[in-house]
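Just below is one structure, and these are the notes that go with it.
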Amino acid sequence: MPTDSLFQPLAQAGAHTAKTVTVTFNGEPLQVPAGSSVAAALLAAGVKRFRNSPVSGVARAPYCMMGVCFECLLEIDGEPNRQSCLVALEAGMSIRTQDGMRDLLAESHDPATALTQTMEAPHGV
Amino acid sequence: MNNINSNTSDVIVIGGGLVGSAVSYGLARQGARVTLLDEGDQAFRASRGNFGLVWVQGKGYGMTSYARWTRLSAGLWPQLAQALLDDTGVDVHLQQPGGFCFTFSDEEMEERRHRMQSIQDELGGDYPFEMLDRQDVIARVPALGPAVTGASYTPMDGHTNPLKLLRALHAANLKRGVNYISGQSAKNVSTQARAGASLFTVEGRWQAPRVVLAAGLGNRALAEALGLHAPVVPNRGQVLVGERTARFLDYPTLNVRQTDEGTIQLGDSMEEVGFNDNVTTDVLASIAQRGVRTFPVLAGLRLVRAWGALRVMSPDGFPIYQESPKYPGAFVTTCHSGVTLAAAHALRVAPWINGASRPNEIGAFQGDRFLNPNYRPAHAH
Amino acid sequence: MAFDTSPQAGTSHPVDTADIAIIGAGPAGMAAAIVARRHGASVVLLDEQAAAGGQIYRGITTAPAERLDVLGADYGAGASLVAAFAACGARHITGAAVWQVTAERQVHYLNEGGVRSLRADRVLLCTGAMERPFPIPGWTLPGVLTAGAAQILLKGSGVAPTRPVVLAGCGPLLYLLGWQYVRAGVPIAAIVDTTDGADYRRAIRHAGGALAGWRYLKKGLSLMAALKQAKVPFYKGATELHVLGKEQATGLGFVSGGTLRMVDSPLVLLHQGVVPNTQFSWSLRAKHQWDEAQLCWSPVTDAWGELDVPGIFVAGDSGGIGGARVAALQGELAGLAAVTQNGKLTAAIRNNLAAPLRAEMREHLFIRPFLDALYRPKKANRIPADDTVVCRCEEVTAGDIRGYVGLGCSGPNQAKSFGRCGMGPCQGRQCGLTVTELIADKRGVSPEEIGYFRIRPPIKPITLGELAREA
């Protein structure tokens, strides 16, 4: 776990600090603590920015951890805008920060339907 | 406090929704002194539940005046949008790239073609439209699903941001000195003869020589006291709103549009359920189903909100514009296409209320037509 | 319970029915299920989490000994309730996101990737509480979380801050978290407490109640003593709270003791009480009243928790904040009333069974007025200055909303249509109370008069494709 992580699993709090799984985060492999929500695991592995606001592009990260703030939105296994504090972590998950709005046409994976974007995705942090 | 409001108005407009605000704005631009009375936060407010289409195609089938009136308004819309931008700095995001109404079978296609052709014939050819098959549509609407067989397209159609429109109208009215009173329901309008003309008093407080009923569903009751006839009833429409996405749809379509902010709206229904603006799962589900059939890419779209709103519906579905024969100076203005007709309301109806001659197009929209037992209109829908 | 496999009109999936549907597996929901089962009702309990416990007993079924020790005895006490619930024979559907409850008592939910619905004779809404919004400058920066979020990390995964953390605000949960961190060896940079002399003077008027609820008082005092003993830096009467940092939190600024202070930390945990989660009750158009003591909306119910929507009850913190024990008792009362309406009990027996529950509930509520007064969140932290973001989802500021009022918006729904505040994915959960109070304050009328956002389904996100399958 990176040394500047905001959170970590604590043995004193009964966490199994040795138990980790590997996921892919923004294309790179990442070791995260096992046995929690995706959001909790990423926070404990040093992830600080989860998404950009689709309104202004500013960085956002989890706030409530219980599913009422919608700040923890991530793309998980290809599905965008999932509330990651409500998703159980599984080994091998492909996780991406939710940068900008989802792109339905790209998701449909059909090159014939790709459309030049007239709305730019907001710039990230 | 029961003293008559000493602020002398030329016109009192009852109702601060899209119709009332647009009429007030037009009046204020003419230099009239306007008092605009509006209800509170929990009112039914058809204007809050608005799809945002500035829509021409298909309207006025069986009532040519309505096709003309609608076309006129769409043509005037850029002028309204510019005026609002100039007055308030609010861009209502008017876009008029043309619009599509999709068909899902040959029968539907033929029905649609027939309808559009009839209107074109009635208007002497002055009504551009194309019937397109899948291949032609896909070039402009790449996300089209395989169930869609074709569409009718006209360059006359467009859309705007209806919430920004309402906000802009409010701001513009204030800027032009309209006396806006909110939280005020108007149930009592009385009339006195004064020097050969009428003087109208609303709720015992506001007085003016002219009064405009733009109170939506409330017009029905108010109209009778003023020698007008506006038998409007509620008609519910339900709409689904999806999350913001990158742009996937460049054109407005009858049942799906993508707003300037990127959210996706799907509608709508027409239900006669009285004064009930709740949403129901069965209707929402069928709206969802049609949305996914039209654009399969929307299947994974997350829904953020659903709402229901009550349209103000006359018996034939067409507007009612009338000056009271019994009490000249009293007007009723009501329709269920408050966005499309906003330009006509501001730029043609308002001058009429202010004393100009009545626009030719709206002679067919007197409320009295419903008192004629022989009146058998083709219904608007 | 019936599992009728004949298709619902217009749908292709079978109809599920139950005597009682309960939403939420916290103390209220669990207690209601236990009572209802005891009297022979068929019960389905739906909850979002993978295990029972709600927020307060979150993770309790898998908590190892060290965690129970850190979290304290009150948390541990939840284990027996959870065990009793597991044994009572209710059908517990985990991972269920309820997106609509209708007045006809049809419950629509998503579960295991599918859309499902359940028709019940009676519905009990036990959706608990959530953190009160804390709109101060910088509250939307990465690195700012609620104290509740920190507790969830601790309870659910044993995860805690790495470096000295700032806790700011007021209320028992804040101090409890501090105490739990001390026990776990987590360094605390500071507790910045907004409670001031005026709060104590207001609270002292309810001293009688405080003394009557002396067990709660004793717990609170021993918490504070432990924090003091651990030499946690403590600032009192803090005002002008603002999170420092441009793209992420770097600390908290505030005024205390007449001096502007700054405490460095990349993690700021905010808390100023919890408020009822009223999304379902509002979506049912049930009557709500503004509670001036708790500064929130609570649904209007009869003595059993029934709303003015027949057959639908509220129990626990989602009806008004009372704490875990009160929630369980309310759950029992609602459960008794529901089975009586189902014909499984007579009203006389129901009343007899209810009497001791009500007596116990009274005892646990003695402390409430004192706590509500002492930890009343500050106006500046509820109704912020113009620059502060109020609607996190749509980034609408307090100044924007005041502007809409100036344009003639008389309430939250007009403000919503003017500026999109409340139209984002959280559906007003993080901004609703702020918007109501802000407009009330600007217009000089009571929040009761202003009202709240019109709340509509889906209460939880559902996709278009999922909804289409309901057709």
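The values are calculated or read from the model by the stated rules, or taken from the named source; none is laboratory data. The model shown is predicted, which means the values in this text are computed figures rather than measured ones. Cβ coordinates were reconstructed from backbone atoms using ideal geometry, including for glycine residues, and neighbour counts include every protein chain displayed.
Worth a mention:
- Criterion (crowded, with 24+ Cβ neighbours inside 10 Å and not aliphatic (A, V, I, L, M)) met by exactly one of C:Gly311, C:Gly319: C:Gly319
- Qualifying positions in the stretch B:44-81 - aromatic (Phe, Trp, Tyr) and within 14 Å of the chain's Cα centre (by Cα): B:Phe51, B:Trp55, B:Tyr66, B:Trp69, B:Trp77
- Residue selected from the stretch C:188-212 under the condition surrounded by 14 or more Cβ atoms within 10 Å (Cβ to Cβ) and out of contact with any helix residue (DSSP H, G or I) (no Cβ under 7 Å at 6 or more places or on another chain), by the criterion nearest to A:Phe7 (Cα to Cα): C:Ala189
- Every residue from the stretch B:191-216 that is under 28 Å from the mean Cα position of the chain (by Cα) and surrounded by fewer than 21 Cβ atoms within 10 Å (Cβ to Cβ): B:Thr201, B:Glu203, B:Pro209
- Filter result for B:Gly145 (small (Gly, Ala, Ser) and under 26 Å from the mean Cα position of the chain (by Cα)): no
- Of the residues making up the stretch B:280-330, those that are of a type in the set (Gly, Ala, Ser), surrounded by 23 or more Cβ atoms within 10 Å (Cβ to Cβ) and under 14 Å from C:Glu466 (Cα atoms) are B:Ala288, B:Gly291.
- With respect to the conditions (1) assigned to a loop (DSSP other than H, G, I, E, B); (2) out of contact with any helix residue (DSSP H, G or I) (no Cβ under 9 Å at 6 or more places or on another chain), B:Gly60 falls short on a single one, namely (2).
- Counting only residues that are of a type outside the set (Ser, Thr, Tyr) and in contact with a Leu (Cβ under 8 Å, 6 or more places away or on another chain), the stretch C:61-84 holds 6 of them.
- Checking the stretch B:300-322 against the condition returns no match, with no residue being under 21 Å from the mean Cα position of the chain (by Cα) and part of a helix (DSSP H, G or I).
- When residues of the stretch C:135-187 are limited to those that are among the hydroxyl-bearing types (Ser, Thr, Tyr) and within 13 Å of another protein chain (Cβ to nearest Cβ), the one farthest from C:Leu371 (Cα to Cα): C:Thr162
- Condition check for B:Asp260: in a loop (DSSP other than H, G, I, E, B) and not assigned by TED's automatic domain parsing to the domain that holds B:Ser105: yes
- Matching strands (runs of 3 or more DSSP E) fully within the stretch B:113-182 where at least 1 residues are closer than 30 Å to B:Val90 by Cα: B:150-154, B:179-181
- For C:Pro457, the conditions (1) touching a Leu at 6+ places or on another chain (Cβ under 7 Å); (2) touching a residue at least 24 places away in the same chain (Cβ under 8 Å); (3) at the interface with chain B (Cβ under 7 Å from one of its Cβ atoms) all hold with the exception of (1).
- The stretch C:339-355 residues that are in the same structural domain as C:His39 (by TED's automatic domain parsing) and without any contact (Cβ under 8 Å) to a residue 12 or more places away in the chain, paired with ones that are of a type outside the set (Phe, Trp, Tyr) and not in a helix (DSSP H, G or I) (beta carbon under 6 Å, 6 or more apart): none
- You will find that of C:Val98, C:Val44, C:Val82, the residue that is outside any loop (DSSP other than H, G, I, E, B), in the same structural domain as C:Asp308 (by TED's automatic domain parsing), over 16 Å from C:Leu124 (Cβ atoms) and in contact (Cβ under 8 Å) with a residue 40 or more places away in the chain is C:Val82 and no other.
- Of all residues in the stretch A:1-39, those satisfying the criterion of being over 17 Å from C:Ile60 (Cα atoms) and among the hydroxyl-bearing types (Ser, Thr, Tyr) are A:Thr3, A:Ser5, A:Thr17, A:Thr20, A:Thr22, A:Thr24.
Table: residues versus (1) touching a Ser or Thr at 6+ places or on another chain (Cβ under 9 Å); (2) aliphatic (A, V, I, L, M); (3) at pLDDT below 95.
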site	(1), (2), (3)
C:Ala238	yes, yes, no
C:Gln248	no, no, no
C:Gly253	no, no, no
C:Asn277	yes, no, no
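- Matching residues in the stretch C:417-453 - criterion: being touching a strand residue (DSSP E or B) at 6+ places or on another chain (Cβ under 9 Å), farther than 19 Å from C:Ser298 by Cβ and free of Cβ contacts under 8 Å to residues at least 40 places away in the same chain: C:Gly419, C:Arg420, C:Cys421, C:Gly422, C:Met423, C:Gly424, C:Pro425, C:Cys426
- From the list B:Ala151, B:Ala193, the one residue that fits, being of a type outside the set (D, E, K, R) and modelled with pLDDT of 95 or more, is B:Ala151.
- When B:Ala364 is tested against (1) within 30 Å of B:Asp87 (Cα to Cα); (2) surrounded by fewer than 24 Cβ atoms within 10 Å (Cβ to Cβ); (3) small (Gly, Ala, Ser), only condition (1) is not met.
- From A:Gln98, A:Gln83, residue being within 10 Å of the chain's Cα centre (by Cα), more than 8 Å from chain C (Cβ to nearest Cβ), buried (at least 21 other Cβ atoms within 10 Å of the Cβ) and free of Cβ contacts under 8 Å to residues at least 60 places away in the same chain: A:Gln98
- Being more than 20 Å from the chain's Cα centre (by Cα), in a helix (DSSP H, G or I) and in contact (Cβ under 8 Å) with a residue 60 or more places away in the chain holds for only one residue in B:Val292, B:Val349, and it is B:Val292.
- Hey, B:Val273 farther than 26 Å from B:Tyr153 by Cα, more than 7 Å from chain C (Cβ to nearest Cβ), part of a loop (DSSP other than H, G, I, E, B) and of a type in the set (A, V, I, L, M, F, W, C) or not: yes
- Test for A:Met93: is it more than 22 Å from C:Leu145 (Cβ to Cβ), more than 12 Å from chain C (Cβ to nearest Cβ) and at pLDDT 95 or above: yes
- Counting only residues that are of a type in the set (D, E, K, R) and part of a helix (DSSP H, G or I), the stretch B:81-101 holds 2 of them.
- Taking the criterion of being more than 20 Å from C:Leu71 (Cα to Cα) and either facing another protein chain (nearest Cβ under 7 Å) or more than 12 Å from the chain's Cα centre (by Cα) (or both), the residues of the stretch A:1-26 that qualify are A:Met1, A:Pro2, A:Thr3, A:Asp4, A:Ser5, A:Leu6, A:Ala18, A:Lys19, A:Thr20, A:Val21, A:Thr22.
- Identity of the residue in the stretch C:189-221, more than 14 Å from chain A (Cβ to nearest Cβ) and in contact with a strand residue (DSSP E or B) (Cβ under 9 Å, 6 or more places away or on another chain), that ends up farthest from C:Leu241 (Cα to Cα): C:Asp199
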